[in-house]
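**Q** Shown below is the structure under consideration.
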Amino acid sequence: MDQPCLLDEATLFDYVIGTAAPGVRQAVEQSASCQAVAQQMAREIGPLMQILYRVTCPDVETLVAYQEQRLSNSTQQLVIHKHLSECPLCQEEYALLAEIDAVPLAAPPRLVRRLVEAIFQSPLALPQPLRGDTLAYATERVTIQLRVRAAESHRWNVRGQARTADGQPLDGIEAARLQLIDAGDASFQGRAQAGGIFRFDQVEAGTYALYVQTADEEIVIRELVIGHA
């Protein structure tokens, strides 16, 4: 008979949202009672997390109006200015808008991919549960599954696959890149393969942002811990 779950709500919450330490994840996955509590918590907070995600961020049209100083009054300009100074997600979108505007009108058209963030999915909340060591991140149209394995010399191999919303492999992955956070231009270029598969070999431990490019989108996972960062 399985023992009652001894983990507190705060620890289980970290597990549900994907920020728990490896030892905590292992403890939850080895306890049927903890899995049941975490699954119930995921069902309860899932709708709220969707509502609260970036709830205070302005939409793209408002950012464009701010950039062109077309907001109705100076107070609105100040509100958006303060938000931009504190929100790295909006800073990235605003920088992309500035980059687009910097292209001369006479220049030939170039491809501008839509930047889409993939959000961590709790293993217990997925329609089809994954293996305990598989991480899942999803956009509205694409799910990215990742597995990290120890390699030689304290380095790591990362394997990923992009799938459509109905679970089919997503063909057309053009590139994949790991960008080390807070380390300048340090990055690892991955190898894209058929069937939505991409891979990185001999990656140093650290906290990365993962970028996966398709023909019309650049999907970003903003924080991915590899190894013991």
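Please treat every number below as a calculation from the coordinates, not as lab data. The structure displayed is predicted, hence computed values, not measured ones. Using ideal geometry, Cβ is built from the backbone for each residue, glycine included, and neighbour counts are taken over all protein chains shown.
**Q** Mind giving me the nanometre distance, one decimal, between the label points for ASP101 and THR134, set 7 Å out from Cα along Cα→Cβ?
**A** 4.4 nm
**Q** What FRET efficiency would be calculated for the residue pair SER153, GLU92, taking the C-beta separation as r and a Förster radius of 45 Å, to the nearest 0.05?
**A** On the way: r = 33 Å, r/R0 = 0.74.
According to the calculation, E is roughly 0.85.
**Q** Follow-up question, since we're still on this one. So what is the relative contact order for the chain, in percent, with contacts set as C-alpha pairs under 8 Å and at least six apart?
**A** 14 percent
**Q** Mind checking the full-extension length gain between LYS82 and ASP216? Use 0.36 nm per residue of separation minus the Cα-Cα distance, one decimal, nm.
**A** Full extension from LYS82 to ASP216 adds 45.1 nm.
**Q** Starting from 0.36 nm per residue, how many nanometres of slack lie between ALA209 and THR19 once their C-alpha separation is accounted for?
**A** Going from the current span to full extension adds 66.9 nm.
**Q** Output the relative contact order of region 177-229, whole-number percent, from Cα pairs under 8 angstrom with separation of 6+ residues. The partial results should precede the final answer.
**A** Working: 84 pairs, mean separation 16.7, N = 53.
The value is 32 percent.
**Q** Counting every Cα pair in region 1-53, what percent are over 14 Å apart?
**A** Pairs farther apart than 14 Å: 49 percent.
**Q** Turning to a different aspect of this structure: Just flag the GluC sites (Glu not before Pro) in region 10-70 sitting in loop per DSSP whose Cβ has no more than 13 other Cβ atoms within 10 Å. Display every interim value, and only then the final one.
**A** Working: sites: GLU29, GLU44, GLU61, GLU68; in loops: GLU68.
Listed in order of number, the matching sites are GLU68.
**Q** At ARG43 and ALA186, where each label point lies 7 Å from the Cα along Cα→Cβ, what is the point-to-point distance in nanometres?
**A** Distance between label points: 4.4 nm.
**Q** Which order do VAL220, VAL55 fall in if you start with the one that has the fewest other Cβ atoms within 10 Å?
**A** Least to most surrounded, the residues fall as VAL55, VAL220.
**Q** Please arrange PHE200, PHE13 by counting, for each residue, the other beta carbons lying within 10 Å of its beta carbon, fewest first.
**A** PHE13, PHE200
**Q** Hey, another quick one. Using a Förster distance of 30 Å, how high is the FRET efficiency between VAL55 and GLU9, based on the Cβ-Cβ distance and rounded to 0.05? Intermediate values should be presented prior to the final figure.
**A** Values: r = 23 Å, r/R0 = 0.76.
FRET efficiency, VAL55 to GLU9: 0.85.
**Q** To the nearest 10 degrees, how steeply does helix 88-102 sit against the main Cα axis of the chain, on a 0 to 90 scale?
**A** Compared with the principal axis, the helix lies near 40 degrees.
**Q** How big is the Cα convex hull of the chain in projection, averaged over all directions, in nm²?
**A** That works out to 16.1 nm², a quarter of the Cα hull's surface.
**Q** For each of ILE219, ILE181, count neighbouring Cβ atoms within 10 Å of the residue's Cβ, then give the residues from fewest to most.
**A** On the way: ILE219 25, ILE181 15.
Least crowded to most crowded, the residues run ILE181, ILE219.
**Q** Can you tell me the length gained on complete extension of the stretch LEU115 to GLU223, counting 0.36 nm per residue apart and subtracting the Cα distance?
**A** 37.3 nm
**Q** I'd like the FRET efficiency for GLN26 and ARG70, computed as 1/(1 + (r/R0)^6) with the beta carbon distance as r and R0 of 45 Å, rounded to 0.05. Display every interim value, and only then the final one.
**A** Numbers: r = 53 Å, r/R0 = 1.17.
E between GLN26 and ARG70, to the nearest 0.05, is 0.30.
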